[in-house]
Amino acid sequence: MQQSPSLDEARLMLAADERHMPAGLYRRASRRELIRVRPGVYASAEWWSGLRPHERYRQRVAAAARVFPDAVFMRESAASIHELPTFGEPRDIHIFDPDRRTTKRFGDVVVHATQTPRDVVRIDSWCATDLTATVVDTARHLPPAYALAVVDAALRRGLGRAHLRDWSLRDSNRRHERMLAWVWDFADPLAESAGESVSRAVISWLGFAVPVLQQVFTFEGITDRSDFWWPHVRAIGESDGYGKYVALTAQAAVNRVVREKVREDRLRRYSDGFARWDWADTHLVLPVERKLLRAGVPLVASRDNAMLATLRR
């Protein structure tokens, strides 16, 4: 289900709409009560500072849509509209123009020309390239582990692996086609989050055995699923996304932490080794390697330092 862009846009203020008191808006900006999202578009500084990087990027896309109402967004900008994984706050806003012969930059806006047509869809008040084109275009320009997360998310939504691969091969843009071949083969709709997808890539590149995803365990009528399971050594791995601990009150956050600890205790009953890591550990690589080795997960292949280097980039 797509989040309504109107909810995002309600937080943004156009300078052009402040016809009666434009000077008041600029005074508030000079006092840092407002932040300029882009020329002519402002937002509350307090609200903006509370956004996470990928949420700020979505708001920048919303701001660009206010300024360029006929724009068709593509690549990471379209990915944010389709609610595919977005990593950090990308630098550029990407717009597709089928009538352009060359790609051109205007500040943080890149207007793209492509030789292969793209289907366009409307999601609420925004226009973007369709899901297939958005997945391929975005994955083609991301580091492999991040591209994997985007494709895993697309497979979870029902897009076919062969369909994405065939569309990519028909595209006139051949950039990183070898990398995409790895992504198409390795993608798995059972990965439930970007953290799990990136972790799967790191686990593979470190040379560990391929885990079973979303293994189900039942104890006293309670069912739990592990992120990663190595049945031959009875080891469980968990990729922590701290978003699940975010709550409106401190007590609610504590309750979530306690529930997760109880869940972990249940999972440990089924395992001889247990490893938990977070997003930072995944990018540092070594913490994941050490934790999996301590959990008894076997190394079955040589380390792929070239692919690990793409993640650190």
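The values are calculated or read from the model by the stated rules, or taken from the named source; none is laboratory data. Every value quoted in this text rests on a predicted model; they were computed, and no experiment measured them. Note: ideal-geometry Cβ built from the backbone for every residue, glycine included; neighbour counts use all protein chains shown.
Which of the residues spanning segment 262-313 are of a type in the set (Ser, Thr, Tyr) and under 22 Å from ALA194 (Cβ atoms)?
Correct list: THR282, THR310.
Name every residue in segment 36-62 that is over 13 Å from GLU89 (Cβ atoms) and hydrophobic (A, V, I, L, M, F, W, C), in order of residue number.
VAL41, ALA43, ALA45, TRP47, ALA62
Just checking, which of SER172, SER199, SER204 is of a type in the set (S, T, N, Q) and within 27 Å of PRO117 (Cβ to Cβ)?
Details: SER199 fails: within 27 Å of PRO117 (Cβ to Cβ); SER204 fails: within 27 Å of PRO117 (Cβ to Cβ).
Of the residues listed, the single one that is of a type in the set (S, T, N, Q) and within 27 Å of PRO117 (Cβ to Cβ) is SER172.
Do we have GLY221 as among the small types (Gly, Ala, Ser), closer than 28 Å to LEU299 by Cβ and either in contact with a Leu (Cβ under 6 Å, 6 or more places away or on another chain) or modelled with pLDDT under 90 (or both) here? Can you show your working first?
On the way: among the small types (Gly, Ala, Ser): yes; closer than 28 Å to LEU299 by Cβ: no; either in contact with a Leu (Cβ under 6 Å, 6 or more places away or on another chain) or modelled with pLDDT under 90 (or both): yes.
In short, no.
Conditions first: (1) farther than 22 Å from ALA154 by Cβ; (2) modelled with pLDDT under 90. GLN3 passes all but one, so which condition is the exception?
All conditions pass for GLN3, except number (1).
For segment 276-286, check the following and say yes or no: at least one residue is more than 29 Å from GLY50 (Cβ to Cβ), at pLDDT 80 or above and of a type in the set (Lys, Arg).
For segment 276-286, residues more than 29 Å from GLY50 (Cβ to Cβ), at pLDDT 80 or above and of a type in the set (Lys, Arg): absent.
Conditions first: (1) surrounded by fewer than 21 Cβ atoms within 10 Å (Cβ to Cβ); (2) under 22 Å from ARG36 (Cα atoms); (3) modelled with pLDDT under 95. ARG100 passes all but one, so which condition is the exception?
So ARG100 meets the others, but not (2).
Hey, any hits in segment 107-114 for a residue that's part of a loop (DSSP other than H, G, I, E, B) and among the aliphatic types (A, V, I, L, M)? Before the answer, list the steps.
Here is the first cut: in segment 107-114, the ones part of a loop (DSSP other than H, G, I, E, B) are 107-108, 113-114.
Those left that are additionally among the aliphatic types (A, V, I, L, M): 113.
Yes.
Residues to consider are LEU284, LEU311, LEU299, LEU292; find the one that is under 17 Å from ARG200 (Cβ atoms) and free of Cβ contacts under 8 Å to residues at least 60 places away in the same chain.
Numbers: LEU311 fails: free of Cβ contacts under 8 Å to residues at least 60 places away in the same chain; LEU299 fails: free of Cβ contacts under 8 Å to residues at least 60 places away in the same chain; LEU292 fails: free of Cβ contacts under 8 Å to residues at least 60 places away in the same chain.
None of the other options fit; the residue is LEU284.
Specify which of the listed residues (VAL210, VAL216) is farther than 18 Å from ARG156 by Cβ and more than 20 Å from the chain's Cα centre (by Cα). Working first, answer last.
On the way: VAL216 fails: farther than 18 Å from ARG156 by Cβ.
Testing whether each residue is farther than 18 Å from ARG156 by Cβ and more than 20 Å from the chain's Cα centre (by Cα) leaves just VAL210.
So in segment 48-72, with the set limited to residues that are out of contact with any Asp or Glu (no Cβ under 7 Å at 6 or more places or on another chain), among the small types (Gly, Ala, Ser) and outside any loop (DSSP other than H, G, I, E, B), which one is farthest from ILE35 (Cα to Cα)?
It comes out as ALA65.
For segment 149-193, give me each residue that is out of contact with any Leu (no Cβ under 9 Å at 6 or more places or on another chain) and small (Gly, Ala, Ser).
Within segment 149-193, GLY158, GLY160, ALA162, SER172, ALA181, SER193 qualify.
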